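Everything on this sheet refers to the single structure shown next.
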Amino acid sequence: MITIEELLAREEGQTFDRKSIQIKPKDLAVAMVAMANADGGDLVVGISDTKREVEGVDGNEIKLNDIRRTPFDFCVPSVNAITELVPCIDRNGQHNHVLVFHIEPGLRVYANQADEVFLRVGDKSKKTFF
């Protein structure tokens with residue numbers, strides 16, 4: 001099991017990215033598809049990617065439910081990902097969790113719902129054409 005300290009210390013790159021709980025599932029799908037089309041990796045939801053503030057995901061059940069469905073509802077075909085809730089203390093000093101998607105590298109080309117293909121290159125998701 002990974003810890004919040006490891007998630008905060010890790011630099012974003014080819015196989016790691018952080019996203020706010022405020023991200024729209026269709027936007028989260030871009031990072032998922034890009035990782036699945038490259039080396040796979042870990043995608044964390046609940047830590048702002050700009051300030052590394054721990055927002056957490058607790059108390060946002062409807063939003064969290066939509067985010068959990070992203071690999072199935074917004075990726076074509078569905079991205080193979082295992083989820084893990086990691087305990088943390090959020091920016092308000094409350095017990096909370098962040099959601100980690102462990103994304104497997106794919107054996108095929110993945111696209112988002114708009115039929116756009118992305119590839120993870122370093123710490124960016126780059127649109128590409130197949």
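The values are calculated or read from the model by the stated rules, or taken from the named source; none is laboratory data. Keep in mind that what you see is a predicted model, and the values were worked out from it rather than measured. Please note: Cβ atoms are built from the backbone with ideal geometry, for glycine as well, and neighbour counts cover all protein chains shown.
What the table below lists for this structure:
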read-out	value
The lone exception for I47 - which of (1) under 13 Å from the mean Cα position of the chain (by Cα); (2) under 28 Å from F129 (Cα atoms) it fails	(2)
Counted residues, the range 1-48 - those being more than 18 Å from R91 (Cα to Cα) and β-branched (V, I, T)	4
Close pairs from the range 64-89: first under 13 Å from A111 (Cα atoms) and in contact (Cβ under 8 Å) with a residue 60 or more places away in the chain, partner of a type in the set (D, E) and assigned to a strand (DSSP E or B), Cβ under 6 Å, at least 6 apart	none
Failed item, numbered, when V100 is tested on (1) at pLDDT 95 or above; (2) farther than 25 Å from E6 by Cα	(2)
Scan of the range 4-13 for residues that are touching a residue at least 24 places away in the same chain (Cβ under 8 Å) and in a helix (DSSP H, G or I), ordered by number	I4, L7, L8
